[in-house]
1. Would you check which residues across the stretch 12-28 are within 8 Å of ligand 1 (Cβ to nearest atom) and surrounded by fewer than 22 Cβ atoms within 10 Å (Cβ to Cβ) and list them?
2. For residues that are among the acidic types (Asp, Glu) and under 21 Å from Phe246 (Cα atoms), scanning just the stretch 266-316, find the one that is surrounded by the fewest Cβ atoms within 10 Å (Cβ to Cβ).
3. Collect the residues in the stretch 147-163 that are more than 13 Å from ligand 1 (Cβ to nearest atom) and of a type in the set (A, V, I, L, M), keeping them in residue-number order.
4. Pairs, please: C-beta under 6 Å, at least 6 apart or cross-chain, first residue among the aliphatic types (A, V, I, L, M) and in the stretch 334-346, second in a strand (DSSP E or B)?
5. Just one of the numbered conditions (1) outside any helix (DSSP H, G or I); (2) out of contact with any Phe, Trp or Tyr (no Cβ under 9 Å at 6 or more places or on another chain); (3) within 24 Å of Ala149 (Cβ to Cβ); (4) more than 16 Å from ligand 2 (Cβ to nearest atom) is not true of Leu90; which one?
6. Could you list, in sequence order, all residues of the stretch 102-135 that are at pLDDT below 90 and in contact with a Leu (Cβ under 9 Å, 6 or more places away or on another chain)?
7. Of all residues in the stretch 65-78, how many are over 14 Å from Val9 (Cα atoms) and part of a strand (DSSP E or B)?
Amino acid sequence: MATVELDRVTRKFSKSAAIEDISFKIPDGEFWVLVGPSGCGKSTILRTIAGLESATSGDLYIGDRLVNQIPARQRDVAMVFQNYALYPHLSVAENIAFGLKMRQVESSTIQAQVEKVARILEISHLLERKPRQLSGGQQQRVALGRAIARQPQVFLLDEPLSNLDAQLRDGTRTELKQLHQQVGITTIYVTHDQVEAMTLADQIVVLDRGKIQQIGTPQQIYDRPVNRMVATFLGSPPMNLIPVTFTGVQFRIGDQAITGSLNVAPGQYEFGIRPEHIEIEAANPHCFGLVSVIEPLGRESLVRVILEGCAVNLQTPPELNLKLGDRVPLRFDLDRIFLFDPTSGARIF
Ligand SMILES: Nc1ncnc2c1ncn2[C@@H]1O[C@H](COP(=O)(O)OP(=O)(O)OP(=O)(O)O)[C@@H](O)[C@H]1O
Ligand SMILES: [Mg+2]
């Protein structure tokens with residue numbers, strides 16, 4: 001196990017930076033999750049830590065060791081790639097055992113380890129097969145198994161569950177969390193999946209266009225996003241953004257107004273509120289909107305209303321008998337609102 005530290009790491013391809021000025025230090029044994037839109041640099045960060053890319057500038061430490069010049073195979077990290085490259089000529093069992101064999105671990109230990117990992121990942125019945133005889137999701141689990149079996153100092157997992165069906169994904173996610181709680185290997189995990197990010201992470205790193213936007217616990221990122229990008233990236237459905245004019249005592253939304261005062265200068269803002277913080281058909285409504293979409297999900301319904309031309313998503317109990325086109329009263333939880341600068345996206349409040 002080891003700490004992982006990036007100190008102002010930049011990686012450029014030709015002239016443009018895939019990642020820029022990335023700094024963070026992961027304490028020994030923590031589970032960190034990298035999230036951000038496609039192309040924001042997540043894989044590049046993992047590949048740089050693994051030693052498969054070299055940083056254009058900046059320093060990288062694993063434990064106390066500066067590893068900038070250390071080749072990948074000497075870094076003692078195990079990486080599961082986004083496109084899980086398995087050894088095609090080796091069986092599933094041999095693939096999982098590969099890292100252990102390289103370290104000349106005793107064969108009875110290897111066998112026990114392979115069986116245990118295969119059991120966790122539900123691939124015990126596939127051990128004799130070759131990768132080409134597996135589905136995409138099965139291959140992905142073998143790749144994960146190969147990394148887990150090795151017990152390296154650092155795990156780098158690049159969307160390791162993306163090809164699994166929903167049920168297997170939930171199960172494997174729980175196994176991964178348990179495994180991490182047992183062995184506590186420092187882990188950096190890339191995902192697009194909100195639930196994975198929120199449930200697995202000690203700390204989430206939100207990236208956009210190669211730069212870090214925010215680092216924090218899942219709850220901090222959710223409750224106190226630093227800007228509009230972070231605010232709208234985590235949360236499903238995402239936070240609503242409504243253009244408002246703040247007069248000092250009112251938020252004007254088109255022809256409607258919500259009375260409320262904040263310690264910010266009057267002006268144009270984007271008003272941010274999460275779907276779960278809007279009540280529909282409430283007493284003392286703040287404003288009215290027209291129901292435009294109803295999506296029943298069983299436990300709740302997702303409803304979209306049009307408020308002065310702006311689409312606003314909210315969650316309602318399923319028993320509310322709404323119909324398309326209904327004009328409904330809305331009430332915002334004013335303790336849970338955000339204001340963003342419409343130009344820079346910075347959070348003002
Ligand atoms: N070898 C390369 N040569 C040139 N540009 C590259 C190379 N590898 C990555 N890039 C660019 O660097 C940026 C970051 O790529 P990266 O693969 O790290 O994104 P990502 O966050 O992992 O995206 P995704 O979620 O789609 O996997 C992208 O704009 C990509 O096109
Ligand atoms: Mg990637």
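The values are calculated or read from the model by the stated rules, or taken from the named source; none is laboratory data. Just so it is clear, the structure is predicted and the values come from calculations on it, not from any experiment. Quick reminder, even Gly has a Cβ in these numbers, built from the backbone with ideal geometry, and neighbours come from all protein chains shown.
1. Phe13, Ser14, Ser16, Ala18
2. Glu308
3. Selection gives Ala147, Ile148, Ala149, Val154, Leu161.
4. What qualifies is Ile337/Ile273; Leu339/Tyr269; Ala346/Asn227.
5. So the condition that Leu90 fails would be (2).
6. Ile120, Leu121, Glu122 - these are the residues of the stretch 102-135 that are at pLDDT below 90 and in contact with a Leu (Cβ under 9 Å, 6 or more places away or on another chain).
7. Of the residues in the stretch 65-78, 3 are over 14 Å from Val9 (Cα atoms) and part of a strand (DSSP E or B).
The rows are residues; the columns are (1) closer than 23 Å to Gln82 by Cα; (2) in the same structural domain as Glu295 (by TED's automatic domain parsing); (3) β-branched (Val, Ile, Thr); (4) assigned to a helix (DSSP H, G or I).
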site: Tyr189; (1), (2), (3), (4): yes, no, no, no
site: His192; (1), (2), (3), (4): yes, no, no, no
site: Glu196; (1), (2), (3), (4): yes, no, no, yes
site: Ile204; (1), (2), (3), (4): yes, no, yes, no
site: Gln214; (1), (2), (3), (4): no, no, no, no
site: Gln220; (1), (2), (3), (4): no, no, no, yes
